[in-house]
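Visitor: Structure incoming, see below.
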Amino acid sequence: MKYLEINGKMIRKDPVYYLQDVLEYPEYDGSYDKIEQFLENIDEACEIHFINTKCIAGALLDVFISAGEKSDNLTVLIDD
């Protein structure tokens, strides 16, 4: 299982490159639809843990939550 931690403070500083690096996502362009499709298609068990969520746009968190609900391989945990 793969464990990832996503820090809201880092997203606030540089969302594009931070998400690309953490998720190993190719060329994130800010599209919520594309990132949701990417997350839904993760083919190995993955747990994503969000910290400092007050710094993250609610819509972006919703994308991760939605993808976690649709994918058997993705678990999303959110701390404040």
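Visitor: When the residues of the range 46-58 are narrowed to those that are of a type in the set (A, V, I, L, M) and at pLDDT 95 or above, which ends up nearest to the chain's Cα centre (by Cα)?
Guide: So the first thing to find is which residues in the range 46-58 are of a type in the set (A, V, I, L, M), and the list is 48, 51, 56-57.
Filter again for at pLDDT 95 or above, leaving 48, 51.
Details: 48: 7, 51: 11 Å.
Among those residues, the one meeting the criterion is 48.
Visitor: Take the residues in the range 64-80 that are closer than 16 Å to residue 9 by Cα and not β-branched (Val, Ile, Thr), then tell me which one is surrounded by the most Cβ atoms within 10 Å (Cβ to Cβ). Even if it seems obvious, please write down each step before you answer.
Guide: Of all residues in the range 64-80, those closer than 16 Å to residue 9 by Cα come to 78-80.
Next cut, not β-branched (Val, Ile, Thr) only: 79-80.
Details: 79: 10, 80: 8.
The qualifying residue surrounded by the most Cβ atoms within 10 Å (Cβ to Cβ) is 79.
The values are calculated or read from the model by the stated rules, or taken from the named source; none is laboratory data. Because the structure is a prediction, the values reported are computed rather than measured. Backbone-built Cβ (ideal geometry, glycine too); neighbour counts: all protein chains shown.
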